[in-house]
Amino acid sequence: SVGRCMGEMGDGVEVAGMEEGFFGSWDKAAVITSRSGFTLVRYEYFGDADGSRLEDWVETSRVRPLPPHHPLVASELVAGMPLELFLNGGWWLVSYVGKARGGHSVSSPYGAHNQVPLKRLRPAWAWRSPEWQVCTAPAEAEPGEAKAAGAAPMEVEAGPLSVAAAAEAAA
């Protein structure tokens, strides 16, 4: 059951993105209910046309608890370190490239490069029930369920941040 590893219904979780354009992301949501291997979630940063937050039934294997808040320290970042970048409402796996003018340079596994402020980065986390582990190698940080499902990776494109308020809230 979701409650076993996620806490009470209504608690915050992250959902592994599997749909085109979201593959590889972890998107913040709240659990509404769960049954028969599926969980109904309400996404925090995605909305329907009527302005309400999007609700969706997802496989429970794609749901994990929210990782702990762990601010990064710029002086501790090293090239190749796996991190997660907050972009377009979700957290995406990236590798640290180095300090760049006006921020930090990161690259995605799909070849996209971004220069971002430190507040949009967090450690790459892996949920190893019943605890979180910080990933130290890129292979540890890949969403296992998404990888196992064989979904084709989608490129993460840099561009205007359409959810600037969400990025501030995530910092």
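The values are calculated or read from the model by the stated rules, or taken from the named source; none is laboratory data. This structure is a prediction, so every number in the text was calculated from the model and none was measured. Here the Cβ is made from the backbone with ideal geometry for all residues, glycine too, and neighbour counts use every protein chain on show. Accessible surface areas use protein heavy atoms only, side chains included; no ligands, DNA or RNA. Shrake-Rupley method; radii C 1.70, N 1.55, O 1.52, S 1.80 Å.
For Arg64, work out the one condition from (1) open to solvent by 20 Å² or more (accessible area, probe 1.4 Å); (2) of a type outside the set (A, V, I, L, M); (3) over 30 Å from Lys99 (Cα atoms) it doesn't fulfil. It fails just one condition, (1). In a residue-by-residue description of the stretch 67-74, the property of being in a helix (DSSP H, G or I) and open to solvent by 10 Å² or more (accessible area, probe 1.4 Å) applies to at least one position. Give me the residue from the stretch 26-41 that is touching a helix residue (DSSP H, G or I) at 6+ places or on another chain (Cβ under 9 Å) and crowded, with 23+ Cβ neighbours inside 10 Å and, out of that set, nearest to Pro65 (Cα to Cα). The residue in question is Val31.
Which count do you get for residues in the stretch 108-138 that are polar (S, T, N, Q), surrounded by fewer than 17 Cβ atoms within 10 Å (Cβ to Cβ) and under 28 Å from Ser61 (Cβ atoms)? First the steps, then the outcome.
Of all residues in the stretch 108-138, those polar (S, T, N, Q) come to 108, 114-115, 129, 133, 136.
Now narrow it down to the ones that are surrounded by fewer than 17 Cβ atoms within 10 Å (Cβ to Cβ): 115, 129, 133, 136.
Then drop every residue that is not under 28 Å from Ser61 (Cβ atoms), which leaves 129, 133, 136.
Count: 3.
Residue check: Arg120 meets all listed conditions (1) modelled with pLDDT of 95 or more; (2) within 16 Å of the chain's Cα centre (by Cα); (3) farther than 19 Å from Gly17 by Cα but one, namely (3).
Output yes when any residue across the stretch 42-60 is open to solvent by 20 Å² or more (accessible area, probe 1.4 Å), assigned to a loop (DSSP other than H, G, I, E, B), at pLDDT below 95 and in contact with a Pro (Cβ under 8 Å, 6 or more places away or on another chain), and no when none is. Checked against the condition, which is being open to solvent by 20 Å² or more (accessible area, probe 1.4 Å), assigned to a loop (DSSP other than H, G, I, E, B), at pLDDT below 95 and in contact with a Pro (Cβ under 8 Å, 6 or more places away or on another chain), the stretch 42-60 yields no hits at all.
Being modelled with pLDDT of 95 or more and among the β-branched types (Val, Ile, Thr) is true for just one of Val106, Val73. Which residue is that? Quick ask: steps written out before the conclusion?
Numbers: Val73 fails: modelled with pLDDT of 95 or more.
Of Val106, Val73, the one residue that is modelled with pLDDT of 95 or more and among the β-branched types (Val, Ile, Thr) is Val106.
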